[in-house]
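To start, the structure under review is shown below, and the notes come after it.
The values are calculated or read from the model by the stated rules, or taken from the named source; none is laboratory data. Being a predicted model, the structure only gives us computed values, none of them experimental. With ideal geometry, Cβ positions are generated from the backbone for all residues, glycine too; neighbour counts draw on all protein chains shown. For accessibility, only protein heavy atoms count, side chains too; no ligands or nucleic acids. Shrake-Rupley method; radii C 1.70, N 1.55, O 1.52, S 1.80 Å.
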Amino acid sequence: MTDQYGRKIDYMRISVTDRCNLRCRYCMPEEGIECINHEDILTYEEIVTAAEAAAELGVRKIKITGGEPLVRRGITELVRMLKNIQGIKEVTMTSNGVLLKNKANGLRSAGLDGINISLDTLDREKFKRLTRYDTLEEVIKGIREAAGTGIKTKLNCIPIRDFNEDEWIKIAAFSNDNIEVRFIELMPVGLGKEFKLIPYEKVKERLEAAYGTSRTNWDKHGNGPAVYYNFPGLKGCVGFITAMSHEFCKDCNRIRLTAEGDLKLCLCYNEGISLKPYLRNHISKDRLKAILEEAIYQKPAHHCFHDKALRDVERRSMVQIGG
Ligand code: SAM
Ligand code: SF4
């Protein structure tokens, strides 16, 4: 379906938990967050019902996110259930990779089409400082394992001032035929507000100094707004996601479902429509579709991150919304 601005909505990000086994400084406070009660989190059956209705309205791709999706029990089964929905062409996941090593094969067999793994540093001490856990080695093993199974693997790196500037070149070198590297501008969501933005041009300039002048890669790479480039000195390509410095809202194709069942039309705004009462009361599929359709039609024209005076701006952290 399309919204009131004519944007085709075909991509749904589904958060399955607000729990996480890391505490990345731009996302989670050290003490963690007050977690949603287990009974308030959507069950897999409820998630599938919402996804089925969305699929009937034209959603074709689903990304499972969180919190950390791999900490939720039975997540492989959810992948299988979502893949079986008529109309859904692609199910992918975003993960911190810590628990991936022993799960990559199962996820692949369940039909997972792609995985995005966060990797902001290759330095063990810095990883510990950023995430407050000493698990870089597990993440690297997870990346190798996932790429080895043939799941399309993307590494997501957030450029952080005075932290990983000296590592962008090394991280970009992970790109090859099976792995894409993307640099993602930090957004002022939750703890992300405390960090200063590094515009993507700065990263690109540094990569060009190391790997030669880039050329835009026009191939279709996924669901999102990343713009990809090839560098003569790199095997694979590198993407940039520039929500802040180059807004891409006019092409936004996504909706989000939070772990407790709120349908969010834009990451930036506080409001969402709670689907949980409808799902728990087993309303008809047609009624659910009508509710989704009406909500999607009202999707905001663009994000509000540059408008600091706005009062209805989202105050929760990425881990709570579902990044
Ligand atoms: N735990 C998983 C992970 O780390 O990939 C999935 C959830 S996490 C919230 C999803 C993505 O959001 C990660 O790549 C993370 O780096 C990113 N993220 C967290 N806070 C962010 C922010 N303020 N701006 C941009 N990206 C952010
Ligand atoms: Fe956890 Fe992902 Fe947030 Fe890091 S970015 S704290 S891994 S949810």
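The set of residues in the range 3-21 that are within 12 Å of ligand 1 (Cβ to nearest atom) and crowded, with 18+ Cβ neighbours inside 10 Å comprises ARG13, ILE14, SER15, VAL16, THR17, ASP18, ARG19, CYS20. Selection of first residues in the range 21-46 that are within 15 Å of ligand 2 (Cβ to nearest atom) and of second residues that are in a loop (DSSP other than H, G, I, E, B) and of a type in the set (Val, Ile, Thr), restricted to Cβ pairs under 6 Å at least 6 apart or on distinct chains, gives the following pairs, ordered by first then second residue: ASN21/VAL98. Residues that are within 16 Å of ligand 2 (Cβ to nearest atom) and surrounded by 15 or more Cβ atoms within 10 Å (Cβ to Cβ): does the range 172-183 have at least one? Looking for residues that are within 16 Å of ligand 2 (Cβ to nearest atom) and surrounded by 15 or more Cβ atoms within 10 Å (Cβ to Cβ), one finds at least one in the range 172-183, hence yes.
Counting only residues that are among the β-branched types (Val, Ile, Thr), under 24 Å from LEU197 (Cα atoms) and out of contact with any Asp or Glu (no Cβ under 7 Å at 6 or more places or on another chain), the range 147-181 holds 3 of them.
Quick check: anything in the range 281-294 more than 21 Å from LEU42 (Cβ to Cβ), surrounded by 15 or more Cβ atoms within 10 Å (Cβ to Cβ) and in contact with a Ser or Thr (Cβ under 8 Å, 6 or more places away or on another chain)? No, there is no match, as no residue in the range 281-294 is more than 21 Å from LEU42 (Cβ to Cβ), surrounded by 15 or more Cβ atoms within 10 Å (Cβ to Cβ) and in contact with a Ser or Thr (Cβ under 8 Å, 6 or more places away or on another chain). Within the range 188-198, if we keep just the residues that are open to solvent by 50 Å² or more (accessible area, probe 1.4 Å) and not basic (Lys, Arg), the residue that is farthest from ligand 2 (Cβ to nearest atom) turns out to be LEU197. The single residue among THR94, THR76 that is more than 25 Å from GLY192 (Cβ to Cβ), of a type outside the set (A, V, I, L, M) and crowded, with 16+ Cβ neighbours inside 10 Å turns out to be THR76. Step by step: first the residues of the range 86-105, then only those that are of a type in the set (Val, Ile, Thr) and over 27 Å from ARG124 (Cα atoms), then the one that is farthest from ligand 1 (Cβ to nearest atom). Which residue is that? My answer is ILE88.
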